[in-house]
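Please read the structure below before turning to the comments.
Nothing in this text is a laboratory measurement; each read-out follows from the coordinates by a stated rule. Note that the structure is a prediction, hence the values are computed from the model and not measured. Here the Cβ positions follow ideal geometry from the backbone for every residue, glycine too, while neighbour counts run over all protein chains shown.
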Amino acid sequence: MNIRIMPFQKFHSNAYGEVSHDKKIADSIAKNFMKRVTGYPIPLLISHSEAQGKLGEITNIQSKEDGLYADVEINSKGQKILEGSQFDFVSPAYAEKYKDKTTGQDVGATLLEVSLTNKPGQPNMERLKFEENAKQIIIKNYERSINMEENKVIKMYEEQIDEQKAQVKKLTDELATQKKSFEEQVKTLTDEGKKKDEEIKTLTDKVQAVEKEKFAAEVESWAKDWGSKGKAPAIVNKFKEQVLSGEIKKEFADDVLKEVPSITPEGTEQAVNMTENYDKIAKQLAEM
């Protein structure tokens, strides 16, 4: 026999004030029942008391559109008690915020026990209908073997889920390891690149220094050549400085020096007293 132990409704209780029994609470109770979060079989008691022991067990919970339903299996003690007494209703006891004993987390509404009573705390409860012969009373219409089979299926799915979680964790760890290795490789390549850049800069500086020395030697030779042709030292030295600094090209200086008169005839050591005049020319050229 399938019993509706909690019709969906709002009502008022002297102990709890306004109470709302809805689909959300029923779904939570059904879910936690299937997960066995209490750690013990949900008992059938009398008037929410264990004084007379357990009369049976709740073997299945169903959350339907109009309320929460329970299947109950009566034990031999329960049958004897029911033979000599009459109870018209059932009353569920549940914790609205139940803490999982393993994790300590709040898992929501959880059924603790169901009691036979003649004074239910919630209104609109349906009267129980028992067979005349108490031994034929069945407040459960599910065979224990079926329930056990359902539990096996649930366990199988839970094991499959755990296996998939383990595979996901393994892949996540592998990706993390690969990422770390990749980052280390990138860092190594970056460091090597910086080292190569420094080496290239050092070589470039050396090449530039050699080229600068070579250019200075060429300019020095060029200046001496013009000096040997009898050009005024002041003019030649001024052009030499400008060529070395990059202000003018040697070709430009060559063109100018060709037009400048020599102090001595080319190829002779005969002196000509024109030093002061060419110093003036050098000064004028420097101011150009």
Inset, instruction - Quick one: go through the stretch 233-256 and flag any residue whose amide nitrogen is under 20 Å from the point 7 Å out along the Cα-to-Cβ line of Lys224. - result: 233-245, 250-251, 254
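Where Rh denotes the Kirkwood radius from the mean inverse Cα pair distance, what is Rg over Rh for the stretch 2-142? Don't jump to the answer; show the numbers that get you there.
Details: Rg = 14.8 Å, Rh = 15.5 Å.
A ratio of 0.95.
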Legend entry - Residue order, fewest to most beta carbons within 10 Å, for Met6, Met125, Met34: Met34, Met125, Met6
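Can you put Thr202, Thr38 in order of Cβ neighbours within 10 angstrom, beginning with the fewest?
On the way: Thr202 10, Thr38 17.
With the sparsest Cβ surroundings first, the list reads Thr202, Thr38.
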Inset, instruction - Pairs to check: Lys35/Lys80; Lys80/Lys101; Lys31/Lys155; Lys201/Lys249; Lys35/Lys152. Give those whose C-alpha atoms are more than 24 Å from each other in this structure. - result: Lys35/Lys80; Lys80/Lys101; Lys201/Lys249
Inset, instruction - Select from Ser28, Val72, Phe89 the residue farthest towards the positive end of the dipole of the stretch 2-142; place +1 on Cβ of Lys and Arg, -1 on Cβ of Asp and Glu, and compute about the Cα centre. - result: Ser28
Inset, instruction - Figure the gain on full extension for Thr103 and Ser20 (residue separation times 0.36 nm, minus the Cα-Cα span) and round it to one decimal in nm. - result: 27.1 nm
Legend entry - Label-zone membership for the stretch 241-256, site Gln208, 7 angstrom Cα→C-beta point, backbone N under 15 Å: 246
